[in-house]
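Reviewing the structure listed below.
Every number here is computed from the coordinates shown, using simple stated rules; none is lab data. It should be emphasised that the depicted structure is a prediction, and the values quoted were computed from it without experimental measurement. Positions of Cβ are backbone-derived with ideal geometry, glycine not excepted, and every protein chain shown enters the neighbour counts.
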Amino acid sequence: MARKAAWEDMAEADLGPYAKSRGTRWGRVFAGLLFVAVATFVTAYYLPLYRAHEKLAEQYRELGQRSQGVSETVTRLQSELNAATEARDQLQAEQSARDGAKKSTSEQQERARVALSPKLDKYLKKGNAALLVSAGSLFVAFDSALLFLPQKLELTPLGRALVCDVAKTSEAKSLSVRASFAEGSVSVVPPGPAGGSPSPWAVSAGRAAAVAQALQSCGLSAAQLSATGNQQPLAGLKISGDPIELELGLGAH
């Protein structure tokens, strides 16, 4: 075992009982300073970091909730957009179908008009017949004097041939017959059952029914025909005498 130096023995002898306690006190002081330093470090460095972490975590949760809300809103808007797109596509398809049907009908009307014009040319020039497109329909009109026997509700052979030729040439799927009186008409009509003058209703209805019956004998079914009387003449119709109007249904019946 090494021996202590002489000066160490002298120092301990001089300090007496305080020699060791002084060293212990300095150790405690050092430990206290170390504790204060660690506490200061923790307070100055770790605590702000902890608070910043808590704040970031809170912001992250808020952002997550907002993100979820935005996601739900986007999903809802996307669904509404899809529904609106489907509705738009359906409307466009329906509009295209209507436009196509309208175009097809217009083309059919033009073909029928072109086909009928040469057959009716001499009657058109004399004003005994007319071809007119009105309200999207093709009309053929005849002077009743051209179709009916004088003072009778019976068609002449020429009248039957004319209305049948119109139906066949135009390839009409349906025909509406309307009979009316021209303004200021003084048509002579046969007497009624009681011997008196028949009413305009009776005369016009009888004429329309007689034309419809002639068309039925040409091959059209009753379901394809309709007849009405005492109608106002079609606007823009220029024809001599009391008109008999045939509205041609050229679409699918």
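A few remarks follow.
- Under 5 Å between amide hydrogens, built in the peptide plane, is the criterion, and for residue 181 it picks out 231 among residues at least 5 positions away or on other chains.
- Net charge, residue 226 excluded, C-beta distance under 15 Å - Lys, Arg +1, Asp, Glu -1: +1
- Taking 7 Å steps out from each Cα toward its Cβ at residue 237 and residue 30 produces label points 12.7 nm apart.
- Inter-site label distance for residue 149 and residue 114 at 7 Å from Cα along Cβ, in nm: 4.0 nm
- The H on the amide N of residue 133, modeled in the peptide plane, is under 5 Å from the matching H of 139, each at least 5 residues off or on a different chain.
- Backbone geometry of the range 146-155 corresponds, through the Karplus equation with coefficients 6.51, -1.76 and 1.60 at θ = phi - 60°, to 3J(HN,Hα) couplings of 7, 9, 10, 5, x, 6, 9, 9, 10, 6 Hz, x marking Gly and Pro.
- Per the Cα gyration tensor, the range 120-249 maps to an equivalent ellipsoid with semi-axes of 22, 17, 14 Å, ordered largest to smallest.
- When 178, 28, 113 are sorted by how many other C-beta atoms sit within 10 angstrom of their C-beta, beginning with the fewest, the order is 28, 113, 178.
- Sum of side-chain charges, residue 131 neighbourhood, beta-carbon under 15 Å (Lys, Arg +1; Asp, Glu -1): +1
- Counting every other Cβ atom within 10 Å of each residue's Cβ, 181, 142, 30 order from fewest to most as 30, 181, 142.
- Cut-off under 5 Å, modelled amide H: who pairs with residue 156 long-range: 148, 149
- Phi to ³J(HN,Hα) by Karplus 6.51 cos²θ - 1.76 cosθ + 1.60 over the range 117-128, Hz, x for Gly, Pro: 3, x, 6, 9, 3, 5, 6, 5, 5, 7, x, 8
- Taken one residue at a time, the phi angles of the range 157-162 give Karplus couplings (6.51, -1.76, 1.60, θ = phi - 60°) of x, 5, x, 4, 4, 5 Hz. Gly and Pro are set to x.
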